[in-house]
Amino acid sequence: MTKPILCLAGPTASGKSATTLALAARWPIEIIAVDSATIYCGMDIGTAKPSPAERLQIPHHLLDIRDPAQSYSAAEFRQDALRLIAEVQGRGRIPLLCGGTMLYYKALREGLNDLPQADPAIRAQIELEAAQSGWPEMHRQLAEFDPIAAARLAPNDSQRLQRAIEIYRVSGTPMSQLLAVERTAPGPQSNYITISLEPSDRLALHARIAQRYRQMLDRGLVDEVRRLHSRPDLHLGLPSVRCVGYRQIWAYLDGQCSLDEAVEQAIAATRQLAKRQLTWLRAQPERLVIDCLAPDSASQAVDLAASIWKASPGQD
């Protein structure tokens with residue numbers, strides 16, 4: 001019998017890390033991070049990356065796999081995650097998918113559209129044009145050949161605008177038309193079970209978010225962003241720099257706002273991120289919900305995992 005693959009999801013600051021420690025105390029678990037920020041080297045504090053001690057205690061995968069100047073797509077995540085799931089199972093251990101990047105979960109469970117591969121030369125040309133004329137002008141151009149995609153994208157959403165324009169230039173076909181075709185085969189969707197850590201009181205989660213961000217500041221977040229800011233190859237057009245909590249400090253370092261303003265903006269942006277994560281989760285009726293504010297939420301997750309895996313041999 002194939003063991004169900006457990007996904008531990010939840011909004012930011014919902015206690016996923018503490019829950020993984022509780023699960024690892026019971027079973028031989030290896031974590032596959034489902035996180036579009038912890039992939040970057042040198043971005044440790046603001047991403048709440050597991051500590052070196054935690055990584056010694058539990059094997060983690062897909063951390064520190066990209067330089068902040070590089071990109072990483074949902075398609076690459078899907079390929080890496082499927083490979084890692086097989087490798088972990090092959091070692092007789094249990095893969096646990098854990099994180100809050102919902103697009104990655106979607107890609108893994110539902111598959112992906114067959115879109116063209118990234119073309120570095122074309123991307124560089126698009127970035128050059130955007131630097132000269134601005135992203136709103138690139139958005140206007142996109143609307144000429146792909147009005148459906150343009151209607152869905154904000155004029156300053158540089159990452160997605162770049163991809164939409166790139167796809168058209170590579171394939172000659174609008175991205176919206178390619179997205180309408182059948183997806184590639186998904187992973188074993190029926191074999192994924194999601195435990196979702198969700199707050200019974202959203203205001204209490206907001207308080208957690210604010211507290212955690214201020215703790216990051218105490219641990220040296222501004223200096224961490226300053227090291228990135230000093231690199232000439234990094235800029236606000238990159239996914240790494242646009243990560244919530246980083247781009248606001250970057251704006252402070254650019255002299256666009258005070259540090260207090262940057263902190264308040266970062267906390268507000270993190271709350272908005274949590275709201276989007278919860279919206280996505282609540283659209284998954286099959287998920288198993290635990291109140292992340294409950295004092296025994298981690299032990300509840302252990303009990304739930306035990307019930308899920310009860311029928312699987314050799315894992316009691």
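For the subset of the range 209-248 comprising residues that are among the polar types (S, T, N, Q) and assigned to a loop (DSSP other than H, G, I, E, B), which member is most open to solvent (accessible area, probe 1.4 Å)?
Checking each candidate, the answer is Ser230.
Quick check on the range 292-311: of everything there that is open to solvent by 50 Å² or more (accessible area, probe 1.4 Å) and not aliphatic (A, V, I, L, M), which residue is farthest from Leu278 (Cα to Cα)?
Lys310
Determine, yes or no, whether Gln57 is open to solvent by 30 Å² or more (accessible area, probe 1.4 Å) and either touching a helix residue (DSSP H, G or I) at 6+ places or on another chain (Cβ under 9 Å) or among the basic types (Lys, Arg) (or both).
Here the answer is yes, as Gln57 does meet what is asked.
With Gln141, Gln117 as the choices, which residue is surrounded by 14 or more Cβ atoms within 10 Å (Cβ to Cβ), among the polar types (S, T, N, Q) and out of contact with any Phe, Trp or Tyr (no Cβ under 9 Å at 6 or more places or on another chain)?
Testing whether each residue is surrounded by 14 or more Cβ atoms within 10 Å (Cβ to Cβ), among the polar types (S, T, N, Q) and out of contact with any Phe, Trp or Tyr (no Cβ under 9 Å at 6 or more places or on another chain) leaves just Gln141.
With the checklist (1) under 15 Å from the mean Cα position of the chain (by Cα); (2) hydrophobic (A, V, I, L, M, F, W, C); (3) open to solvent by less than 40 Å² (accessible area, probe 1.4 Å) in hand, flag the one item Leu103 doesn't pass.
Of the numbered conditions (1) under 15 Å from the mean Cα position of the chain (by Cα); (2) hydrophobic (A, V, I, L, M, F, W, C); (3) open to solvent by less than 40 Å² (accessible area, probe 1.4 Å), the odd one out for Leu103 is (3).
Do we have any residue at all in the range 125-132 that's open to solvent by less than 50 Å² (accessible area, probe 1.4 Å) and either among the hydroxyl-bearing types (Ser, Thr, Tyr) or in contact (Cβ under 8 Å) with a residue 60 or more places away in the chain (or both)?
Yes, the range 125-132 contains at least one residue that is open to solvent by less than 50 Å² (accessible area, probe 1.4 Å) and either among the hydroxyl-bearing types (Ser, Thr, Tyr) or in contact (Cβ under 8 Å) with a residue 60 or more places away in the chain (or both).
Kindly indicate the residue of the range 36-54 that is open to solvent by 40 Å² or more (accessible area, probe 1.4 Å) and in contact with a strand residue (DSSP E or B) (Cβ under 9 Å, 6 or more places away or on another chain) and also farthest from Leu6 (Cα to Cα) among those meeting that condition.
It comes out as Cys41.
How many residues are of a type in the set (A, V, I, L, M, F, W, C) and closer than 17 Å to Ile45 by Cα when one looks only at the range 198-251?
Going residue by residue through the range 198-251, those that are of a type in the set (A, V, I, L, M, F, W, C) are 203-205, 207, 209-210, 216-217, 221-222, 225, 228, 234, 236, 238, 241, 243-244, 249-251.
Now narrow it down to the ones that are closer than 17 Å to Ile45 by Cα: 209-210, 216-217, 221-222, 225, 228, 241, 243-244, 249-250.
Residues that pass the stated criteria total 13.
How many of the residues making up the range 42-57 are under 19 Å from Arg227 (Cβ atoms) and not in a loop (DSSP other than H, G, I, E, B)?
1
Only one residue in Leu108, Leu128, Leu96 is in contact with a strand residue (DSSP E or B) (Cβ under 8 Å, 6 or more places away or on another chain), at negative phi and part of a helix (DSSP H, G or I), so which one is that?
None of the others qualify; the one that does is Leu108.
Would you check which residues across the range 257-291 are surrounded by 13 or more Cβ atoms within 10 Å (Cβ to Cβ), within 22 Å of the chain's Cα centre (by Cα) and assigned to a loop (DSSP other than H, G, I, E, B) and list them?
Within the range 257-291, Gln284, Arg287 meet the criteria.
The values are calculated or read from the model by the stated rules, or taken from the named source; none is laboratory data. On a predicted model such as this, the values are computed, not experimentally measured, just so you know. For neighbour counting, all protein chains shown are included, and Cβ atoms are generated from backbone atoms with ideal geometry for every residue, glycine included. These area figures cover heavy atoms from the full protein model, side chains too; ligands, DNA and RNA do not enter into them. Shrake-Rupley method; radii C 1.70, N 1.55, O 1.52, S 1.80 Å.
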